[in-house]
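Structure first, then comments.
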Amino acid sequence: MFSRSKRKPKDPYLGQKDVISHEILSYAIMNALKKKNTENPEESVAGEMADHVLNFFGYGERIIDNVLETKDRDIFYTLEDLGLLKQGREEITLYDGREWRIFYWTLKKNYIETLINEGNPHEEGVPEPLPPEEVYTELSDEAWNRGDYASGAG
């Protein structure tokens with residue numbers, strides 16, 4: 001299987017309606033880490049961070065801070081330092097007149113797009129991603145077997 005963090009996405013444009021994929025985020029994390037440090041970060045670190053963050057965001061752009069545990073928040077602060085996330089807050093007046101603050105995290109899609117378009121500053125010739133039809137050929141037979149899960153056997 002290929003290393004997703006080394007592959008530059010084919011269409012790096014990220015509009016407001018677009019979803020940030022694992023491939024895009026891990027590539028952006030690699031480039032952000034390389035910009036901040038002179039040493040080459042491990043690809044697995046960027047991939048794990050992308051997985052971790054995307055497990056919270058899913059298809060959304062913003063999540064509430066209350067869902068994070070301390071170790072998760074540490075990762076989010078690291079990505080904020082790299083410029084990939086930003087914090088925000090809203091104040092809402094409750095019915096009884098008290099103010100309620102809601103803290104949240106947002107993906108910085110414009111900066112992620114910038115990092116994707118910059119390419120990989122420490123490597124020559126970033127390979128193109130696999131075409132979608134080839135991604136599915138790499139899946140095992142077990143990945144295609146959904147019947148066991150539906151029946152409760154899996």
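The values are calculated or read from the model by the stated rules, or taken from the named source; none is laboratory data. Quantities reported herein were computed from a predicted structural model and do not represent experimental measurements. Note that we place each Cβ from the backbone using ideal geometry, even for glycine, and neighbour counts take in every protein chain shown.
Kindly check whether there is at least one residue in the stretch 21-28 that is surrounded by fewer than 18 Cβ atoms within 10 Å (Cβ to Cβ), modelled with pLDDT under 90 and either out of contact with any His (no Cβ under 7 Å at 6 or more places or on another chain) or charged (D, E, K, R) (or both).
So far as the stretch 21-28 goes, yes, one or more of its residues are surrounded by fewer than 18 Cβ atoms within 10 Å (Cβ to Cβ), modelled with pLDDT under 90 and either out of contact with any His (no Cβ under 7 Å at 6 or more places or on another chain) or charged (D, E, K, R) (or both).
Out of the helices (runs of 4 or more DSSP H) lying entirely within the stretch 90-150, which hold 3 or more residues that are touching a Leu at 6+ places or on another chain (Cβ under 7 Å) and at pLDDT 75 or above?
Working: elements: 109-118, 132-137, 141-144.
Fully inside the stretch 90-150 and qualifying: 109-118.
Residues of the stretch 81-123 being in contact with a strand residue (DSSP E or B) (Cβ under 9 Å, 6 or more places away or on another chain), without any contact (Cβ under 8 Å) to a residue 12 or more places away in the chain and surrounded by 12 or more Cβ atoms within 10 Å (Cβ to Cβ), which ones?
none
For residues in the stretch 34-46 being more than 14 Å from the chain's Cα centre (by Cα) and within 14 Å of LEU79 (Cβ to Cβ), which is modelled with the lowest pLDDT?
Ranking the qualifying residues of the stretch 34-46, first place goes to PRO41.
Scan the stretch 45-69 for residues that are in a helix (DSSP H, G or I) and touching a residue at least 12 places away in the same chain (Cβ under 8 Å) and report the count.
Of the residues in that region, 13 qualify.
Outside any loop (DSSP other than H, G, I, E, B), in contact with a helix residue (DSSP H, G or I) (Cβ under 9 Å, 6 or more places away or on another chain) and modelled with pLDDT under 90: is that true of LEU79 in this structure?
Details: outside any loop (DSSP other than H, G, I, E, B): yes; in contact with a helix residue (DSSP H, G or I) (Cβ under 9 Å, 6 or more places away or on another chain): yes; modelled with pLDDT under 90: no.
So LEU79 does not fit the description; no.
Looking only at the stretch 32-44, how many residues end up being part of a loop (DSSP other than H, G, I, E, B) and in contact (Cβ under 8 Å) with a residue 40 or more places away in the chain?
So the count comes out to 1.
Do you know which of the residues in the stretch 74-114 that are aliphatic (A, V, I, L, M) and farther than 17 Å from GLY58 by Cα is farthest from the chain's Cα centre (by Cα)?
LEU94
Please go through (1) modelled with pLDDT under 90; (2) out of contact with any Phe, Trp or Tyr (no Cβ under 9 Å at 6 or more places or on another chain) for MET49 and return the number of the only condition it doesn't satisfy.
Among (1) modelled with pLDDT under 90; (2) out of contact with any Phe, Trp or Tyr (no Cβ under 9 Å at 6 or more places or on another chain), the lone unmet condition for MET49 is (1).
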